[in-house]
Structures are given as C-alpha cells and as structure tokens.
1. Could you list the residues of segment A:137-161 with an amide nitrogen less than 18 Å from a label point located 7 Å from the Cα of residue A:181 in the Cα-to-C-beta direction?
2. Using the Karplus curve 6.51 cos²θ - 1.76 cosθ + 1.60 with θ = phi - 60°, what ³J(HN,Hα) values do you get for each residue of segment C:249-256, in whole Hz, with x for Gly and Pro?
3. Any idea of the total accessible area buried by the C-B contact, 1.4 Å probe, rounded to 100 Å²?
4. Pull up the DSSP beta bridges for the protein assembly as shown and report the antiparallel fraction as a percent, rounded to 5.
5. Give the accessible surface of the protein assembly as shown per residue, rounded to a whole number of Å², with probe radius 1.4 Å and ligands, DNA and RNA excluded.
6. To the nearest 10 degrees, how steep is helix C:90-126 against the longest Cα principal axis of chain C, on a 0 to 90 scale?
7. At what distance in nm do the modelled label points of residue C:21 and residue A:142 sit from each other, each positioned 7 Å from its Cα along Cα→Cβ?
8. Which pairs in the list A:7/B:122; A:7/A:114; A:45/C:21; B:122/C:21; A:45/C:29; B:122/B:227 are over 31 Å apart, alpha-carbon to alpha-carbon?
Amino acid sequence: MILEVDKLQIHYSTRSGVARAVDGASFVVPEGRIVGLVGESGCGKTTAVRAIMGVLAENGRQAGGRVVFKGQTMDEATTRRLRWRDIAYVPQSAMSSLDPVYTVGSQLVEVLTKRGTHSRASARARSAELFDLVGLSERRLADYPHQFSGGMRQRAAIAMALALEPSLLLADEPVTALDVIVQRQILDVLRSLQQRLHLSMVLVTHDISVVAYLCDEVVVMYAGQVVESGPVREVLARPRHPYTMGLRNAFPDLLSDALELVPIAGSPPDLSEPLSGCRFVPRCPFAQPACSIDSVVTGSDGHRSACRRDAEADTIRTAALDPRTWQRSSSFAMS
Amino acid sequence: MRLVVERFTHNALALLAVTTILFFMFRLMPGTPLAAFINENLNADQQQAMLEQFGLDKPMWQQYFIYLGNLLRGEMGLSFFQRRPVTTILLEVLPNSVILTLTSLIIAYAFGVLAGAWLAWKRGSWIERVAVPAVLATRAAPEFWIGMVLLALLSFNAGWFPSGGASSPGLAYNNNWQRIFSLDYVHHLALPVLTLALYLQGLPLLLMRSNMLEVMHEEFVTMARMKGLSEWRIVIGHAARNALLPVVTAFALGVGLSMGGNVVIETVFSWPGIGRLLVQAVSAHDYPVAQGAFLMIALVLAVMNFVADLLYMVLDPRVSHGRKG
Amino acid sequence: MAERAEPVPARASWPLLPVLKRMAAMPLKDPFAFAGLVIYLLFVLVAVFADQLAPVDPLEILFTKAGKLAANVPPGVEFPLGTTNLGRDIYAQLVHGTRSALAVGLSAAIIVATVGTIVGLVAGYFGGTADAVLMRIADMALSLPFLPFVIVLTGFLGASTSNIVLAVALLLWPNSARVIRSQVLTLRERAYVEAARVTGASAWRILFVHIAPNILPLSFVYAAIAIGWAIITEASVSFLGFGDSTSVSWGMMLQDAFASQALSRGQYAWFVPPGICIVLVVVAGFFISRGYEEVFMPRLRGR
C-alpha cells in the first residue's frame, strides 16, 4: 500500500458549530493503481485529499485518525518534506490554480528549482520535456495561463504535478470543468502517464462514469464516511450500498448512452448536526428503523459496504434499478 | 496597442473637455469678460495687447479656438499682478509641487504597502481591530487639519521644523537645483511631506490589506503551499505580487489626484507650489494665473490617468498579452 | 456572510418594504455601522438642541466682568473651550458649527444620491444613446480636479454654502451613478424583471417598482460617503478663505484659528475639537457605508 487513510477525522469550526467534514473515513491506495474517490459534492472527498496535502482551510483541523504514506505516518514535518516531491496534486480548475501574472513555464521552473534540485538551465529543459509528455508544444511555455484553453491548462497542471516525479498523484475533479470530448482526452492522458510512469493515483470525482472509465478501485464517500469500497468492476456491477446504487443511476455512462437518469432526491446532511447510524437514512428508499441507530461495515477485504442490509444487497439492487423506487420520499419505505 | 491608443484618446478628450469647461466658466461668469480681464493696473498698451492676445472682441467660438491655439503653444497670457507670462510663473513653482507630491506618495505607498500586507498577515488579531478604524480615521481627517496639528506640535511647540515656506530667508543659491538639493530645502519639506504622507498612506494600506486577504484565499496560493514553496516565496512572490497590481495603479492615479489636493497643504505650510498659486490667484482675481494653474493641475491629472492605464497594461499580463485560445 | 445580495424575489409584491426592513436591521448586525449611526444621531441631536446646549451667540464678542475684551481665555468653567482672539466662545462655535456641517453634508448627500440614482437607473436600464451620453458626462466630471474646481467655482460664483454644495454635488454624482448603473445592468437580467416585462409592465414601472427598491441600499452608501466628502470640502474651502464668512462652521473656525496665530500660541482647544468633529462625522459615514456594502453588496468589496 502506498497510502493508507485510517479513521481520518477532519473538523471545520463554523459559526453554527463544528462540521465533521470527514468523519472516520478509511481507505487504502495500492501501489500503481488508480483509486476513485466518489460521492456528491459536500461528502468530504476534497477535504480528505486536501488534508493529505496538508492545506486545510484555516478553520479546519485534523481531529483524529492518521494518514500513512509508504509506511510513514504523516505529520506536519513529513507532509512538508513529501509535498510535491512524492505526492503531487492536480486541481479542478487549473485556471485559478496557476498564478496569473507569471508564465506557465516560469511556474514550472519555480517548482523545479525551488523544490527540486534542478538548475535554471536544466529546469528549462525539463519543462519542455514535461510539456511534451502531456502533449503541449514547448513554445507555449512562454505563455500566461489565461492564454491557454481549458484543456491545455489542465494538461499544464498535470505537467506541473509530474515535475518532480512523484509516486502518488491526487487529482481533484481534474476534468469536471471541461466539456465531454476534452474530458476524454485528459482522462486518456492521465491513464497513459499513470501506466508509463507507474504512478499511484487518487481521483476525486462526483461523476461515477469517470470512475468507471479510469479507475481500478473505488471508494464511495457519503457525509464524511466511506460507505462502500472495492474493485471498480465489482462495485459498479454489484453495488451493495443503496447510495452507490443511487449514484450509478444518476450519471450517464461516459462511453454509451445510458438508461434513464434517476437523481437521488434530497441532499447530503448538514454535517454540523450530530448524526448517528447510517447517514444515508433520510434519502434511502430501503432504510429500516435500525439503520438510524448504528452502522456496520461488512464484507471481505476486497469489497466492503457499510449497509446494515448488506445480506439483502441482491434484492435491493434489483429494486434500485426501478426508477420508481427513488421517487419514494419517505424513509423506512420497505421496512 | 489598440488599447493604448484608446486610453490615450479617452484621456486626451477628457482633458479637452476640462479646458472647454474652464473656458466657458471664465467667460460666462457674472460680469463681462472685458471687465474681468482688463484691469486698471494695466497700462493702455498692455490692455491692447491683452485684447489682441485673447481676441476678446471676436465672437465666442473664435475666441475658443484662439484660446486652444494659445494653449497648444504654451501661451497662457500675462499675470495681472506679476506682469510676467503665466507659463513662466507656473514652471517656477511646478518643481516644488512635484517634489512635495512625489516624496509624500513614495513614503505613503512604501509604508502603506508594507503595513497593509502586514495587517493582512495579522488578520483577526487585536492589532488589526485597532489599526483598521485608526487608518480610516486618518482618511477622514481633513489634510489641512493634520497639518495644523503637526505644525503646532512639531514646529511651534517643539521647534524642530520651520513653520512654512520652502527656504529660509537670506539664503542665496546659484540656481534652482542647488536650492532644491540643499539641506535647508529638505528641512522645510519634511513637515508638509509628513502631513501629506500621513493622509495618503490610508488608501494603499487598506487596498493592499484587502487585496492580500483576497489573494491569500486564491487557489494558486494554496497550490504554492502544496508545492511546498517557502512561506516567504508564497507571500512575496505570489500573493503580494498579485495584490500589488491595483496599488501600483492607485499610485499613478494618486499623483494626479494629490496634485489637486495639495492646494490646502501648500497653503497651510506656505509651500510655494501650484496649489497655493491657484488659491492666491483666485483670491486676487488674477484670472490668467488661476486659469493656468487649474489647467496645469488638470493636465497632470490626465497624464497620470493615462500613465495608470499604461501601468495596468504592463503589469497585468491578462491585459497586455491577449488571449490566444 | 450572513445574507447574499439577492434581491427579494417576490413576484408580485413590492420589494421596497422588505428592503427597507433589511436596511433598518443592518446596523444591528455590523458593530461598525451601528457606531456610525450612533455618531450621526449624536450630531443630529447636538444640531437640533444647539441653542439649549450653547446659549451664547457664537459670533458675539464677549467681555470679562471687568469690562475688558475676553480674548484668548483658556478653557475653564465659564468657557469650556476658551475664547478666540476676538473674544468669541469657542464651545458655542463648535456646537453651532454642527448645524452648518449637517446642512452641507445632508444637502450634498441628497443631491448626490438622487442625481446618481436617477442617472444610474436610466443609463443602466435604457442603455443605448442615453447611457453613452450620461456616462461621457460622468467621465468628464470625474476628470476635473476636485478641490481646484470647487475653489475656482466658489471663487468666481461667490463664497456661499450653497455654491460649495453645488460644486461638491457636481463632482460626486458620477461615482454613484456608475456603480448603480452596473448594478442595474445585472438586476435587469433577473428572472423577476424578465417576468414583469413579459406580463407587459411598462419600462418605468419595472424601473421604479422592481429595480429601484433594490438599488436603495447602494444609494444610501453613496449618500453616507457624500456627507463626509461635502463636510471635508466645505471645511477645506472655508479654510482657504472661500467660505461663507457669515455662517459658523468648523472649517471657518479652523481658518480663524490658523489666521489668528492660535497655532503658535498653542491654543489646542481652539483648533483640535473642530477637526475631531469632522473626523467623527466622516468616519461615521465610512463605517455605515462599509457595513451596508458588506451586507448588501458582498461582491463589491474584499473580505
């Protein structure tokens, strides 16, 4: 395992109290694999990867749990040492994550010379090489971020992330801001680079079709917790948690025209309220009274689910395929 | 380049509008223009010369073009009282105003930028809670009043600085430059500069502070942090560099604006600059000088507006380097 | 951010009342704005009760009991701030000066807010030629050097308070007009305005019933700023000797003190209090406008 996230707790202090953005989430990233971290917005995915990079907002703090990278427990000092050299980050919006007043090339040179061991001359050569790697002409190194198109900026951001040859890449919604055709291109770039450079990768997305397209493993997060995890094929073919089933219905397939899209009614809970049991209960068409008391994680190491009715997963899955199931608004519908 | 031409035209047209407004203001004032321009202090020849120079017997529109033509040649007539060309008088006092303005602005902006960045750094602390309203108060105080208080304290009470003027009486200099670079001149300059700088520092300070706060939340600053760049590099190289853009523009605008605002400071400290000249000319009804001084201030304002536009273009690649796509 | 800048989305109801309600409630949320309003209120009370607070005529030349001119008397029980070199009661001048300060400030603020709002509404809503012409005029007014223009105008038109107010208003309306115009441009595209247009409401009706009430807080912000500017300008112009010599104002007090060598005599009680009063009124305007901007126009300013 290149990365282990163990019972991670991230708390934000807000005006209305403490929001538990990540509440005991655990998952692992095997060496050389792409792990998709999926869930609706506000489920703590971004918070989790930002916590790994050590750049939480001012009002956020790690309240518990640990992150282990290559056997080392990450604390402030290790995070500072490993940043970008071993763990790099691909942002959602490359536009806002590049400094508008410097050329893209000089920002590459900056990280290569200040964080890497490059001289200015070798940094320039390496920049050209990186641009070539992500399919950009080296002439564009002299351009400013605003002169790039969305897809090119995203390629530049990937080049930036690969600058110091990290072993783990955290990509936060790397294609969300792009149109579908460019999305495909960028995902293909990521996949080919991952294979060529034998990278490990965490891909954060709300779009389960992106997971299906690119990832080896998937971790489904809901309300700051992991509700299901396992190999992508297995989880998407036989989801065991109703939330995963709902997500699967809610997104089009990247490759084929999907069936009817069925959104999950409602929205994730307010995390500053005290919550108990399974957090999906208010939106779950299959919830039973016991579900709100506590939740249990079941399953083999390969495919785990946090649904109390895991034993009935096959029946529930069949029912979940019917769009009418998700129109039921009340809880405890099938109890 | 197209943008430069556009901004130039814009500012030039604004200046033309100001000159036009001024022309009609002076001529449509109560009383006939002849009464305003012809003065018993002038002898018959001078009266005749003035009539011809301004073409006051011609129709208004012709007068207007004669006036514009004269301005373009730098001719603004004779002062009623000093009986010297207005242009000469203006050029005599202009260096004093420029030195006062620039020195104050440089001090104010150097201090304001550093203090503003520091206050942004210290946000949420008690220093910030006290400093921000205090800075607002300096912006709210009339400049001349700050000058009066400083004058009473540091000049009349403590005796550290002279109470007015630009040089001590009795001192002689070979030329103007020698005078300006003398210690005596600097000694006279200190208090007006201090006053003006105290008044001017608020804008860059508050601007820098709010820009810094905004920029520190930008994603590229977080990215710089993720890249593991040093704190110094993040704050200075990325945050401050971006936050500085509007401040630099404000500096250029400030040169133009405070040339006009210096009117009161120059009066408080009897500083022989263009603002005091304007006040004296208006009180004495020396119209050619008043008009000339006003136009000179308006010209500086327009030029500095243009410079601000240019600076903005040079400093922000989003403006200077067009989209390539 | 407690509330967003979203205008009240009510379809049929007039948004004026809810907007007014929020405007009235705002100072309770922002301590600075609250302080600003309290300062304003204090000065208004002083202005209203000036005759009771300072029964002495501020321009009367006073004599001591021995019959000598009461000139340059230091602050004491009889004269809280002392007297001027001509034997006038400084405290009485300060109290009565509040009246002219508020008169100048409020009248300039009303003109600036009214003209700025109407121009901004018309230019923003109708666009086209009206917009182009109005905005060029605004550009022109903004390229005039502020204080020199006021001096020249009052110098030639005559030194009177109304001329100063006129000059200030002439130069300040473009700022508010510009900002209000851009706000109108965004409001114009909102769904409820679109809805009103589709149902056949006339342009003027949409403008004054649906858009204008949402502009109100912005007009208020510019009015608060104009109060301060007008008072400072009046003081500066009075100080330079172009003020109305018949009225008692803080600027005239400062001019009087400066011209009468109060500085070299160290009569701080003469020239410090008027300045502090000006600072207080202007700061109050800053505080109020900051508070309103923060609540109603969070986008307009930085955090």
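The values are calculated or read from the model by the stated rules, or taken from the named source; none is laboratory data. Just so it is clear, the structure is predicted and the values come from calculations on it, not from any experiment. Glycine also receives a Cβ, built like all others from the backbone with ideal geometry; neighbour counts cover every protein chain displayed. In case anyone asks, the SASA skips ligands and DNA or RNA and just uses the protein heavy atoms, side chains included. Shrake-Rupley method; radii C 1.70, N 1.55, O 1.52, S 1.80 Å.
1. Of the residues in segment A:137-161, A:149-155 have backbone N under 18 Å from the label point off residue A:181.
2. Working through the residues one at a time gives 9, 4, x, 5, 4, 5, 5, 4 Hz.
3. Working: alone 14940 and 17660 Å², together 28700 Å².
Separately minus together, C and B give about 3900 Å² buried.
4. Details: 33 of 52 bridges.
Here the antiparallel bridges make up roughly 65 percent for the protein assembly as shown.
5. Numbers: 41550 Å² over 963 residues.
Using a 1.4 Å probe on heavy atoms only, each residue of the protein assembly as shown averages 43 Å².
6. So the inclination is approximately 20 degrees.
7. Label-label distance for residue C:21 and residue A:142, simple model: 6.2 nm.
8. On the way: A:7/B:122 34 Å; A:7/A:114 34 Å; A:45/C:21 40 Å; B:122/C:21 35 Å; A:45/C:29 34 Å; B:122/B:227 24 Å.
Over 31 Å Cα-Cα: A:7/B:122; A:7/A:114; A:45/C:21; B:122/C:21; A:45/C:29.
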